[in-house]
1. I need the full set of residues from region B:112-127 which are buried (at least 18 other Cβ atoms within 10 Å of the Cβ) and outside any loop (DSSP other than H, G, I, E, B), in order please.
2. From (1) modelled with pLDDT of 95 or more; (2) part of a helix (DSSP H, G or I); (3) more than 7 Å from every other protein chain (Cβ to nearest Cβ), pick out the condition that doesn't hold for B:A358.
3. On the basis of being hydrophobic (A, V, I, L, M, F, W, C) and either under 23 Å from A:D480 (Cβ atoms) or out of contact with any helix residue (DSSP H, G or I) (no Cβ under 7 Å at 6 or more places or on another chain) (or both), does A:L424 make the cut?
4. Go through the residues of region B:339-348 one by one and say whether even a single one is surrounded by fewer than 19 Cβ atoms within 10 Å (Cβ to Cβ), more than 10 Å from chain A (Cβ to nearest Cβ) and not charged (D, E, K, R).
5. Does B:L228 satisfy being assigned to a helix (DSSP H, G or I), in contact with a helix residue (DSSP H, G or I) (Cβ under 7 Å, 6 or more places away or on another chain) and of a type in the set (A, V, I, L, M, F, W, C)?
6. Given the options B:A292, B:A309, B:A297, name the one that is in contact with a Ser or Thr (Cβ under 8 Å, 6 or more places away or on another chain), facing another protein chain (nearest Cβ under 8 Å) and buried (at least 17 other Cβ atoms within 10 Å of the Cβ).
7. State yes or no: is B:L403 within 14 Å of chain A (Cβ to nearest Cβ), more than 22 Å from B:V234 (Cβ to Cβ) and either touching a residue at least 60 places away in the same chain (Cβ under 8 Å) or surrounded by fewer than 19 Cβ atoms within 10 Å (Cβ to Cβ) (or both)?
8. Could you please find all residues in region A:176-208 being in contact with a helix residue (DSSP H, G or I) (Cβ under 6 Å, 6 or more places away or on another chain), surrounded by fewer than 22 Cβ atoms within 10 Å (Cβ to Cβ) and among the charged types (D, E, K, R)?
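The values are calculated or read from the model by the stated rules, or taken from the named source; none is laboratory data. Remember, it's a predicted structure, so these values are computed and weren't measured experimentally. Here the Cβ is made from the backbone with ideal geometry for all residues, glycine too, and neighbour counts use every protein chain on show.
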Amino acid sequence: MKSRGDEEEYWNTSKFKAFTFDDDDDELKESKEAVKSLPQLSDQDDGDLVEKVSWSGEPVGSISWSVRETAAAAGGGTDGEPAFPSRIPADAPNVAKVNSGYSLSSLFKGRKAANVAAFADASGDPLGRILAPEIPKPKSEKQDLIGDWSPQDTVKRMQQGKAVSLERFRCLQDKMRLLDWSVGTHDGNVITAVLISLKKSLSKEVLIGELASRQTALRHFLNYLSESGDEALLGDIYSALGRTEDAALLQYKRHLSIADEEKRRDFLKGCLSLQFSAEDQSQVRDQLSLLERQMVIEAADRQAERGGKVEIFQRFPRRASIPHMPLITTLYYCCFYHYDQPEGSFSSPLNVRQSFKISEKQFFVTALSARAKQKSWSDVDALFTSRSWLGFTRKKSPLAFQKVVDILHRNAAPVRVLQDYVGLVDDAEARMALAHQHKCHDLVINTYRDSKDRRLLLGYRGKVEAGSAAERKIDELLNDSQIRWKN
Amino acid sequence: MAAHLSYGRVNLNILREAARKELREFLDKCAGSKAIVWDEYLTGPFGLIAQYSLLKEHEVEKMFTLKTGRLPSADVKNIIFFVRPRLELMDIIAENVFNEDKLHSTRDFHILFVPRRSMLCEQRLKEQGVLGSFINIDEYILDLIPYDGDLLSMEYESAFRECYLENDQTSLYHTAKGLMTLQALYGTIPQIYGKGECARHVANMMLRMKREFAGIQNQILPVFDTLLLLDRNVDLLTPLATQLTYEGLIDEIYGITNGYVKLPPEKFAQKKQGEASKDLPTEPKKLQLNSAEELYAEIRDKNFNAVGAALSKKAKIISAAFEERHNAKTVGEIKQFVSQLPHMQAARSSLANHTSIAELIKDITTSEAFFDNLTVEQEFMTGVDTDKVNTYIEDRIAQKDPLIKILRLVCMQSVCNNGLKQKVLDHYKREILQTYGYEYILTLNNLEKGGLLKPQTSSRNNNPTIRKTLKLWMEDANEQNPNDISYVYSGYAPLSIRLTQLLARPGWRSIEEVLKMLPGPHFEERQQLPAGLHKKRQQGENRTTLVFFLGGVTYAEIAALRFLSQMEDSGMEYVIATTKLINGASWIKSLMDTPEAQMH
């Protein structure tokens, strides 16, 4: 963690300057005022000058707008067929609001621009058609003879989208020449087409053997296989080439599409025998053991919830089941529903923490949020003091106290809880700001008292509720003749 | 509609016209009335090329979205599927056609693949037994789509992933093809520079394709003097940083798709005078963003901290213009005033829109969360504590911030440190997997393959040298009146753009050492021009460079290039092309392998 000194330093060095609008507040206000004060003249139909846009911003007549428009018309057909999914009822708001505005583009056109636009986009487009430039085609495209194409010519024809016969290349050598020429084009489409024909006409072993020395072709083949979902062959190639990690990740990826938790568990179990990197291996093991744990907890809790005898489930009904949730979410769940479970239990937060080696800060933040959510302020308190085994009562936190206050506040902690933690914020200025924000009167009052600042204290009197204890305290202090005020 | 394309140095409307012509030709191949069934993804890019009116002129009477099940009824002769070459779409088409055949329909089927035919897809249709049902199978080569007066994009989302993860160079082939088309329309580009493996590949393919044209001389006077090809993996850092220009922030926060942004509607309620505020719209407000809008063209490339002042200046000008009406006395003067009204009205609503957007963005940029995040980014970019576990990242994981944000920061730290110590990397990985789910093992592996996340292999970290030599960090970046490209990230000068800038002046020879530290080869090629096509440059005339970003470019990088174009003494104007407009989030998402990342 960064030391306080460092923090102070970077807040104060010029390098890290705040990205703020500074004085621009006024500027934005100014332009807002101007917009408001300008007369709203009635909308005039300026015919061609003005381009219509719908509320959704599509110019009326743009393609995406029209897709909706014509689909809507089609949906209203008379044949009584079931509605096409994209059908938009004719009275849908986006259609109805068509005339609600103008686009700016046409209005900002200068004279010169308008001229250009006139030939480019005028309906009918007569000039544009004539002026539209022609893209020259390569010479070879113009000749179209039928013949015995060499691998090179075959590839060329393929690039031009012409019919070719790849079956003609019978011997392995020809096939490979064809492949090499296709690779030379860098045109993935052609390369893939050749590979598809090779896949059909060569045995797996021969093909893999040849591809091993042709890296580009190999990569295209692997992409082709993964896109077309031929995972079996893909896995074979990875293993044949010794790319075991890729093979493992590929296989592992399939678990994403398995929703059923038991099937997913069995699948992940199978994954453990794959050759991941050591690091990924241990992550997958954790993933499996988390899922197993979640299933046990889920089964028990569902039963407890149905039984209706466990109070916590009545007070806070569960909103979702936990299998497939991330680890930290599971930890939160355990902190919420099973905080006091003995450490040996599967659902005990401490057990979860131990088993998965959750870092101190993660555990701390999660437990804090969960206990604050339940308003178990004594648990919250204990989180900070549990480590004071030397007899200290000073609160310690792996998270800056500002952030602690933030979490507590988000969970609607009362002032009496908040002020303990606000008081522990290191930075004096930040501390006072938070004290003001959260109405921690005692903190504010004591600070002013200690700094003998009568004026600020007097000012603060106006901010506390009339007749409150805080007001009485302020009055007592102000009347205390023992204090030597500095102002 | 497309007038703004012809404002720039290079008239990109020519490219658009060529694309429209091809589209008309295809439509005319299918004689008779037609219905188009759209791969929904394509309607955005096509919208940049054509309006419905063009299709209608060629007897397109109905348009539908591609969906499983049955085709909606439509009394047309032809059904044309406009689709990307993707296998899952083939299955849907097959189902549509199969259902139609059962009804003994007499309609003709056609497929138009965009941007390329795919044998793989045709194979799939064959397996499904419907390939024979198609009369025309064609491709519509939409490689480079004109986006704005100085910007072309292929909208090829998966280019980075294919090139650097899967080693599939198909996108590079398309890039080279697109560049050939561009040269056919704008003349041969005499000089080609490049940095990176993919750049080398593209240049090689271009040179080979040129040989295939041998015999046909391109007689067009070259518009571009230089082509610079840059691999995204030469500069992995820049897209990871939060963009701080106006347009960059709109993209970071709301995402710009095909030139449109969807915004929360609350601030855009249209209240007319005399109408009580009706219930607020719940549908997001969609706005088109490009240089056709005067105000937007003015402010989009500014650092966001300078946008407030620009808006307020504009407000004063518009107010003054409206005040003029009190001075209009004669009929002529009043007429004059009225004739300007539409323009003023538009300026007013443009101002209103951008004031609202600026407010939305400001709420975010002034938040503590934004500030903290930016502070950490800047620490990393300046090389502070990049070799230890970062407390802020740990805290954000513990608070379950969105995973993509976390990955962006961790990758940034890894890139800035030239790889993380194994212990640090393992710690981050464990925290991420425990918090977001073990299945992200796949994502982490992808990020490692792509080089965004990696263990330190050598003790040598070249970053400080690179940073210093290329001046990648500028103290006191001037956000209001910038004098250096570093204003786009409030201090960080994007490496990719610095390389571009140094190529123009004084040339790459001055930075050989650094170029060698960056991945991939750097090279220079020349293409012969036919005699008579050598440009005779006027005194003081600017040169034009086309910068092609292979694997994506951010709006902030584009802003930096526009800034260079506008610098008085730069002598160089830039046109930008890319496989895809990206930001850190969309980029990382394209590298994820989990179900949610596959939804688009």
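1. So in region B:112-127, the residues buried (at least 18 other Cβ atoms within 10 Å of the Cβ) come out as B:112-125.
The answer is B:L112, B:F113, B:M119, B:L120, B:C121, B:E122, B:Q123, B:R124, B:L125.
2. (3)
3. Details: hydrophobic (A, V, I, L, M, F, W, C): yes; either under 23 Å from A:D480 (Cβ atoms) or out of contact with any helix residue (DSSP H, G or I) (no Cβ under 7 Å at 6 or more places or on another chain) (or both): no.
So A:L424 fails the test.
4. For region B:339-348, residues surrounded by fewer than 19 Cβ atoms within 10 Å (Cβ to Cβ), more than 10 Å from chain A (Cβ to nearest Cβ) and not charged (D, E, K, R): present.
5. Values: assigned to a helix (DSSP H, G or I): no; in contact with a helix residue (DSSP H, G or I) (Cβ under 7 Å, 6 or more places away or on another chain): yes; of a type in the set (A, V, I, L, M, F, W, C): yes.
It is false that B:L228 is assigned to a helix (DSSP H, G or I), in contact with a helix residue (DSSP H, G or I) (Cβ under 7 Å, 6 or more places away or on another chain) and of a type in the set (A, V, I, L, M, F, W, C).
6. Values: B:A309 fails: in contact with a Ser or Thr (Cβ under 8 Å, 6 or more places away or on another chain); B:A297 fails: facing another protein chain (nearest Cβ under 8 Å).
Within the list B:A292, B:A309, B:A297, the selection yields B:A292.
7. On the way: within 14 Å of chain A (Cβ to nearest Cβ): yes; more than 22 Å from B:V234 (Cβ to Cβ): yes; either touching a residue at least 60 places away in the same chain (Cβ under 8 Å) or surrounded by fewer than 19 Cβ atoms within 10 Å (Cβ to Cβ) (or both): no.
Spelling it out, it is not the case that B:L403 is within 14 Å of chain A (Cβ to nearest Cβ), more than 22 Å from B:V234 (Cβ to Cβ) and either touching a residue at least 60 places away in the same chain (Cβ under 8 Å) or surrounded by fewer than 19 Cβ atoms within 10 Å (Cβ to Cβ) (or both).
8. Result: A:R177, single match.
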